[in-house]
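Rule-based calculations on the coordinates, nothing more; no lab input. A quick note: this is a predicted structure, and the numbers were derived from the prediction, not measured. Here Cβ is always computed from backbone atoms with ideal geometry, including for glycine, and neighbour counts include all displayed protein chains.
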Amino acid sequence: MHTFTEKAVAVIKEIPPGKIMTYGQVAAVAGSPRAARQVTRILHSMSAKHNLPWHRIVNAQGRIMLRDEESRFFQRKSLQEEGVEVDQDDCIDLSRYRFTPFADDKE
């Protein structure tokens, strides 16, 4: 059996360039729908160690929520370089860019 952290790391690694997921979505796919804050902790403490594409994670409204200006700019720039449109309020259209794991497996 895998721990929530292991599952969340695996989910995050699967997000392809040009797509995003929300913190809550990652938590739900990893098996704990109410653990969005835990996903934040995982990203903060394990992104470098596991080479996670942390910039592909946004809040439930599709918004970049980093308080640090430099980190927010890096996330915005990284997403734009992957073809994701980010508006002036740091919002992303979830209906257009949201990644849904296993969706292709159902076809």
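Overview of values
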quantity	calculated
Region 4-98: Cα Rg divided by the 2.2 N^0.38 Å rule of thumb	0.98
CD proxy at 222 nm, helix term only [per DSSP H run n ≥ 4: -39500 (n - 2.57); per residue of the chain; nearest 500]	-13500 deg cm²/dmol
Spin-label model distance (nm) - Ser32 vs Thr5, 7 Å beyond Cα toward Cβ	1.0
For Val58, residues with placed amide H under 5 Å, excluding near neighbours	Met21, Thr22, Tyr23
For region 1-35 and region 49-107, distance of Cα centres in Å	14
Zone residues, region 53-81, relative to Arg96, backbone N less than 13 Å from point 7 Å out along Cα-to-Cβ	80
Backbone HN-Hα couplings from phi across region 5-17 [Karplus 6.51/-1.76/1.60, Hz, Gly and Pro as x]	4, 4, 5, 4, 4, 4, 4, 4, 5, 7, 5, x, x
